[in-house]
Amino acid sequence: MIKIARSTVYNQITSSEKLEQVNPENKELGEDWLEYLESIDRSPQSIVAYRSDLNIFWVWNLQYNKNKFFADLTKREVAKFQNHALNTWGWSPNRIRRVKSCLSSLSNYIENVLDDEEEFENYRGIIRKIENPAKEVVREKTILSDEQVDFLLQELVNRKEFEKACAVAIAAYSGMRKGELLQMKVEFFNDDHFVYDSMWKTDKVRAKGFGKLGHQLNKFVLYGAKPYIDSWLEYRKQNGIESEWMFVSSYRDENNNKCYRQRKNLSEWTCEFSEILNEDFYFHSLRHFTCTKLHRLNLPSHVIQEFFGWQSAEMLKIYNDLTAEDEFSKYFDKDGIKEVTQGSLSDA
């Protein structure tokens, strides 16, 4: 039986017709808040996500809560929204938490920024007073082995899908997020970027974080990705694919010439990868894979933290899929405690 890629429950809740009927006061308040977020340099992606979540709430409020002004909401009505999202729309607790976080941020804006306006001088936020639904794992986590990643890479090469193999290899040997992968440039993998005789150090790219520029990080890609990078670059050379970007999509210009631009999405590949592995594949699983592999090689925690560019050592616990029991045989045998040799990044 072939496992399919992970899926999320999506409901067509909003429409232009419904949004036109939303309380004008709510629309104005929402737009004022989003403009405020832009003024404090929240990222464009965050603004888009907030707008989407806000529109969903406005439509619920229109259809089930008499189009009430946001500042006049009661705790009972917030609880009704949460119940509707959970039991009618079938949302996961995590998605409900995300939308409530958006509404809570709007509440904070009213309470802390608009408090000098007579209309809001006595306003107090209530969103966080409604307990969130219990967190639950709605998707089984995929833990990939070395053998599975090697098999996926080899199968993609056999299919001559060199760009896909290159993306998987770079992700597996760096632990990059999808958004970071899409920012890779060909020049990042030249000799000038090769450091410590074991890896490439890219120019700074936008990582997850606040602001239009996000959190700027150099990314490190271990040498093990080289065969797949070379195969993709050779294929590009043979087929006249010219672009500064490593991962590209094609289009036709006004003269019907074939051109290439930065690829915008990698998610469309995950179904094929899941079929190859007969395992639920998502790119974030490779982030866990990389962290776990570095732990298995006995790299010091501070080295792994620096490799990923994490500000907190707590991230090591999140992305390391090894349990203490998994590592017992590394440290103990019938004679007692074993002496363990510390590994290095060149071993990865």
Subject >> I241-R159 pseudo-label distance in nm [points 7 Å out on the Cα-to-Cβ vector] >> reply: 1.4
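Taking the Cβ-Cβ separation of I318 and E187 as r and a Förster radius of 35 Å, what is the calculated FRET efficiency to the nearest 0.05?
Efficiency, from the Cβ-Cβ distance: 0.65.
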Subject >> In order through the range 299-315: 3J(HN,Hα) via Karplus (6.51 cos²θ - 1.76 cosθ + 1.60), integer Hz, x for Gly, Pro >> reply: 6, x, 4, 5, 6, 5, 4, 5, 4, 7, x, 7, 7, 10, 5, 4, 5
Original post:
Can you work out ³J(HN,Hα) from phi for every residue in the range 257-270, in order, using Karplus 6.51 cos²θ - 1.76 cosθ + 1.60 and θ = phi - 60°, giving whole Hz and x for Gly and Pro?
Top reply: 7, 7, 10, 10, 9, 4, 5, 9, 8, 10, 5, 5, 8, 5
Original post:
Relative contact order, percent, of the range 146-282 when contacts are C-alpha pairs under 8 Å separated by at least 6 residues?
Top reply: 24
Subject >> Estimated FRET transfer efficiency when R0 is 35 angstrom, pair T88-R252 (beta carbons, to 0.05) >> reply: 0.20
Original post:
Full extension from V48 to Q216: what is 0.36 nm times the residue separation minus their Cα-Cα distance, to one decimal in nm?
Top reply: 58.4 nm
Original post:
Helix 226-238: angle to the longest alpha-carbon principal axis of the chain, degrees 0 to 90, nearest 10?
Top reply: 80
**OP:** Return the long-range amide H neighbours of A207 (sequence gap of 5 or more, or a different chain), with a cut-off of under 5 Å between placed amide H atoms.
**Re:** H215, Q216, L217
Subject >> Pairwise label distance in nanometres, D230 with K68, each label 7 Å out on the Cα-Cβ vector >> reply: 6.7
Original post:
Label-point separation (nm) for R261 and D203, each offset 7 Å from Cα along Cα-to-Cβ?
Top reply: 2.0
Subject >> Stretch gain in nm, segment E306-I126, where the contour uses 0.36 nm per residue and the Cα spacing is subtracted >> reply: 60.8 nm
Original post:
Dipole of the range 16-129, Cα-centred, from +1 at each Lys and Arg C-beta and -1 at each Asp and Glu C-beta, to the nearest 20 debye?
Top reply: 1120
**OP:** Quick one: dipole size for the chain, taken about the Cα centre, charges +1 on Lys/Arg Cβ and -1 on Asp/Glu Cβ, in debye to the nearest 20.
**Re:** 680
Original post:
In sequence order, what are the phi-derived ³J(HN,Hα) couplings for the range 116-129 according to the Karplus relation 6.51 cos²θ - 1.76 cosθ + 1.60 with θ = phi - 60°, rounded to whole Hz, with x for glycine and proline?
Top reply: 8, 9, 3, 4, 10, 5, 9, 6, 9, x, 10, 4, 6, 6
Original post:
So what's the angle, to the nearest 10 degrees on a 0 to 90 scale, between helix 24-39 and the longest Cα principal axis of the chain?
Top reply: 40
Original post:
Taking the Cα atoms only, what angle lies between the long axis of helix 162-172 and the longest principal axis of the chain, rounded to 10 degrees?
Top reply: 80
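Every number in this text was worked out from the coordinates using simple rules, so none of it is lab data. Source: prediction; values computed, not measured. A quick note on method: Cβ atoms are made from the backbone with ideal geometry, for glycine too, and the neighbour counts reach across all protein chains shown.
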